[in-house]
Amino acid sequence: MRQAGLIAGAAATALIAAGAITYAVAGDEGSSDAVPSAESADAGFARDMAVHHQQAVEMSYVVRDRTDDEEVRRLAYDIAQTQANQRGMLLGWLDLWELPKVSADPPMTWMGMADAASGEDGALMPGMATNTEMRRLGSLSGERAEVFYLQLMTDHHKGGVHMAQACVRACEVGAEKRLARGMVEGQESEIALMAEMLEARGAAGRP
């Protein structure tokens, strides 16, 4: 089945990216030998994507308990596990670099997009669900929960891909750039899969 193959492919991409990650910063091929500064793209991406990933993990565990559909539950589990592991890497690098995990600057400042999201109703970055949308997801069940989750996660992945692409261009630590590249590949694959899953349910992504 093509859907199962896409899920497996996305999971494999994440595992390959994870396997390529080391905590070595100095001497990493294609990277700067210097520890990144708190204002660098490397640190900004690590902080912001850790927050972005945390919401994806939360959404995935919510829908897993709101439906009996094995296809959606499997996708949600894969997303939750992959993004929780990646979040741990990002926070681990901040610890290694002895940099703060929070910043006084608005999210995405490192991308030159400090005004891209107002933070209204909890949506700190583009693609993130609002607090109202998270509550609605938790109130739905069955196919309605599946469709809403797939719509929310599609938007979430699009925002994540945009941020990861910016890290590929601007980050200097080779291991982090490789992780970001793996995120782009994995999440674009899942976006295509979720479009098929929505279509099978007579729905589509949100405008």
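The values are calculated or read from the model by the stated rules, or taken from the named source; none is laboratory data. These figures come from a predicted structure and were not determined experimentally. So basically every Cβ, Gly included, is an ideal-geometry build from the backbone, and we count neighbours across all protein chains shown. Surface accessibility is based on the protein's heavy atoms, side chains included, excluding ligands, DNA and RNA. Shrake-Rupley method; radii C 1.70, N 1.55, O 1.52, S 1.80 Å.
With the cut-off at under 14 Å, measuring from each backbone N in region 91-120 to a point 7 Å along the Cα-to-Cβ line of Glu39 picks out 104-106, 109-112. Distant-in-sequence amide contacts of Met108, defined by a placed amide H-H separation under 5 Å and a gap of 5 or more residues or a different chain, comprise nothing.
The share of accessible area on region 43-188 that comes from carbon and sulfur is 47 percent, using a 1.4 angstrom probe. What shape does region 109-207 have by the C-alpha gyration tensor, where a ≥ b ≥ c are the square roots of the eigenvalues, rounded means a/c under 1.5, and otherwise prolate means a/b greater than b/c and oblate the rest? The shape class here is oblate.
Measuring with a 1.4 angstrom probe and ignoring ligands and nucleic acids, Ser189 comes out at about 30 Å² accessible. Each peptide among 129-138, 95-104, 162-171 gets the average number of other Cβ atoms lying within 10 Å of its residues, and from highest to lowest they stand as 162-171, 129-138, 95-104. Extension gain, Leu96 to Arg135, is 10.5 nm, computed as 0.36 nm per intervening residue step minus the present C-alpha separation. In loop segments of region 41-76 as defined by DSSP, there are no GluC sites (Glu not before Pro) with at most 11 further C-beta atoms inside 10 Å of their C-beta. Heavy-atom accessible surface of region 53-140, averaged per residue, reaches 50 Å², computed with a 1.4 Å probe.
For region 32-167, the calculated P(r) over all alpha carbon pairs, in 10 Å bins from 0 to the bin holding the longest distance, is 12, 41, 31, 13, 3, 0 percent.
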